[in-house]
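Heads up, the thing below is written out as structure tokens.
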Amino acid sequence: MSASPVVGVLGLQGDSREHLRALSAAGADARLVRRPEELAAVHGLVLPGGESTVIDKLLRVFELRDPLVAAIAAGLPVYGSCAGMILLADRLLDGTADQQTLGGLDVTVRRNAFGRQVDSFETELELDGVTDRAWPARGPRGSEAPSGPVHAVFIRAPWVEDAGPGVQALGVVPSGPAAGRIVAVRAGNLLATSFHPEITGDTRVHRLFADVVRAA
Ligand code: GLN
């Protein structure tokens, strides 16, 4: 595959533009996906943060749900952040009565998991495959290489309550009331974070995903 994989960002609701910017900075050919033909043209897809119940409904309205479920089953690399993590989960706790996920990731995710006290918060966290990676492998010339922990922004975020044997936990909350909770996972071509790297200017998670897409 070319050095610039074509990576789509689901553009039905949520912070798609921030992901497009982060993917472009990570060396991907990034484009919005709103129609089945657009989905068929990408090598990987980002499911953005937003409101999972709304994205779920719109996926059906835009007739993207079935093709996306099929694409995930066929091995399409997908990265879900926050609401996107919820959409990738095989099992969901605290969803609304009629809420469906796409599934594919063998995890149980709890929606709005962080209680009222830490509803939204920021922390530094270590991420396997990200904070230890040689960087920037393909970064723009002259760009400063951030290293060390990721600044993770959680906004009414889910966490991974339980993960199947094929799922690798990449990062956990380091301290506080939710210490030890899994907030980043990878299983094959599927990647998910509870937090929003797309709004921090640190593109290492998007670089990791671009690498997954290139390798797929
Ligand atoms: N709480 C939202 C949901 O249920 C997710 C929040 C987010 O994506 N920042 O979908």
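The values are calculated or read from the model by the stated rules, or taken from the named source; none is laboratory data. Treat the numbers as computed from the prediction; the structure is a model and nothing was measured. We place every Cβ from the backbone using ideal geometry, glycine too, and count neighbours over all the protein chains shown.
Quick notes
- Under the condition of being β-branched (Val, Ile, Thr) and surrounded by fewer than 22 Cβ atoms within 10 Å (Cβ to Cβ), the residues counted in segment 170-211 number 4.
- For segment 37-90, the set of residues classified as assigned to a helix (DSSP H, G or I), of a type outside the set (A, V, I, L, M) and more than 20 Å from ARG186 (Cα to Cα) consists of GLU37, GLU38, THR53, ASP56, LYS57, ARG60, ARG65, ASP66, PRO67, listed by residue number.
- Selected residue (criterion: farthest from LEU68 (Cα to Cα)) from residues of segment 91-115 that are away from the ligand (no atom under 12 Å from the Cβ) and either at pLDDT below 95 or part of a loop (DSSP other than H, G, I, E, B) (or both): GLY115
- Residues that are within 16 Å of the ligand (Cβ to nearest atom) and charged (D, E, K, R) were ranked within segment 23-59; the one that is farthest from the chain's Cα centre (by Cα) is LYS57.
- Comparison of ALA30, ALA22, ALA26, ALA71 shows that the only residue that is over 27 Å from ALA113 (Cα atoms), touching a residue at least 40 places away in the same chain (Cβ under 8 Å) and crowded, with 17+ Cβ neighbours inside 10 Å is ALA26.
- Selection within segment 75-90 - more than 16 Å from the ligand (Cβ to nearest atom) and within 21 Å of ALA30 (Cα to Cα): GLY75, LEU76, PRO77
- Any chance THR53 is polar (S, T, N, Q) and farther than 17 Å from GLY11 by Cα: no
- Scanning segment 27-57 for residues that are of a type in the set (A, V, I, L, M, F, W, C) and touching a Pro at 6+ places or on another chain (Cβ under 9 Å) turns up ALA28, LEU39, ALA40, VAL42, LEU45, ILE55.
- None of GLY129, GLY84 is modelled with pLDDT under 95, of a type in the set (Gly, Ala, Ser) and over 16 Å from ARG181 (Cβ atoms) except GLY129.
- Residues of segment 153-211 that turn out to be within 14 Å of the ligand (Cβ to nearest atom) and among the acidic types (Asp, Glu), as a count: 1
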